[in-house]
Amino acid sequence: MKQFICLSLLCLITLTMSAQKKADCDQLTIRFNGLIDSGETDQLFFEVSNVMYTGSLYYYPGFLLLNEQGDTIAREEVKYYGIGTSFQTHLLELTDDISFPFVGRLELFGSYYSKKFCSFPIEIEEAEYVSLEEVEREVVKVALNYAGDHVVIDLGGNDITSEYLEYHFNLTNVQGQEVYTGEIDTDIFFIPVDLLGGAGSYYISVWDGINKKLLPTRHFLIE
């Protein structure tokens with residue numbers, strides 16, 4: 001299990017998914033971060049956000065990862081009451097061998113696996129071993145929701161010292177051209193994809209006006 005290629009987080013891990021035609025499922029945002037070496041059995045590290053909440057909390061959620069043959073490759077132990085608006089950690093313990101690139105399905109169940117909510121086709125090109133603590137401390141997290149129509153930005157890892165927040169951000173493409181800029185007064189927000197100019201590679205830079213600091217630039221892809 002240790003022969004995975006180590007690549008830079010997010011920039012070089014390609015993860016493409018498309019949700020089934022169900023509005024609630026489409027609103028979820030899921031980031032794949034890599035593998036956690038947890039001792040006897042490795043775990044797949046996902047982060048999930050319900051920031052575009054439309055009425056469902058997906059009570060007592062659990063994720064399964066299935067291969068193309070429908071075999072369960074990894075399973076999450078249920079530990080949350082629901083899926084909240086900030087990115088929360090979901091660790092799926094490997095129950096069978098996995099190799100990359102991987103093609104299969106990520107399925108979301110509720111009520112301790114008694115009810116199936118969503119099924120997402122998933123492709124993971126490559127994976128790396130990462131530190132759970134380092135990823136959770138990221139001050140800027142970025143991902144697409146499953147509908148693919150919004151970029152979700154979570155600044156919850158920033159050192160927030162005031163109830164009043166003042167963020168200024170700008171998005172640039174790989175040519176360094178500014179494609180979108182704005183201000184935001186909340187630590188979680190989303191941007192419509194159709195405002196950014198379509199598929200491509202983008203970078204987001206955020207200035208924290210309260211703490212007077214530039215947060216680390218993050219890269220993301222729009223397929």
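Of everything in the stretch 31-80, what is surrounded by fewer than 18 Cβ atoms within 10 Å (Cβ to Cβ), acidic (Asp, Glu), touching a residue at least 24 places away in the same chain (Cβ under 8 Å) and more than 12 Å from LEU106 (Cα to Cα)? Give them in sequence order.
Scanning the stretch 31-80 gives a single hit, ASP37.
Tally time: how many residues in the stretch 103-148 are in a loop (DSSP other than H, G, I, E, B) and of a type outside the set (Asp, Glu)?
Matching residues across the stretch 103-148 total 13.
Find the residue count for the stretch 98-117, including only residues that are among the hydroxyl-bearing types (Ser, Thr, Tyr) and within 15 Å of LEU44 (Cα to Cα).
Total meeting the criteria: 1.
What about GLU128, is it closer than 27 Å to SER38 by Cα, touching a Cys at 6+ places or on another chain (Cβ under 9 Å) and either not assigned by TED's automatic domain parsing to the domain that holds TYR59 or not β-branched (Val, Ile, Thr) (or both)?
yes
Only one of ASP194, ASP208, ASP154 is among the acidic types (Asp, Glu) and surrounded by fewer than 17 Cβ atoms within 10 Å (Cβ to Cβ); which?
The unique qualifying residue is ASP194.
Assuming PHE87 fulfils every condition listed in (1) modelled with pLDDT of 95 or more; (2) closer than 19 Å to LEU144 by Cβ apart from one, which condition is it?
All conditions pass for PHE87, except number (1).
Going by the structure shown, is GLY197 under 27 Å from ASP24 (Cα atoms), part of a loop (DSSP other than H, G, I, E, B) and touching a residue at least 40 places away in the same chain (Cβ under 8 Å)?
Here the answer is no, as GLY197 does not meet what is asked.
Provide a single number: the residues in the stretch 180-223 that are more than 20 Å from ASN145 (Cα to Cα) and among the charged types (D, E, K, R).
Matching residues across the stretch 180-223 total 5.
Please pick out the residue among LEU10, LEU28, LEU15 that is crowded, with 17+ Cβ neighbours inside 10 Å, among the aliphatic types (A, V, I, L, M), more than 21 Å from LEU94 (Cβ to Cβ) and at pLDDT below 70.
LEU10
The values are calculated or read from the model by the stated rules, or taken from the named source; none is laboratory data. Computed from a predicted model, the values in this text were never measured in an experiment. Backbone-built Cβ (ideal geometry, glycine too); neighbour counts: all protein chains shown.
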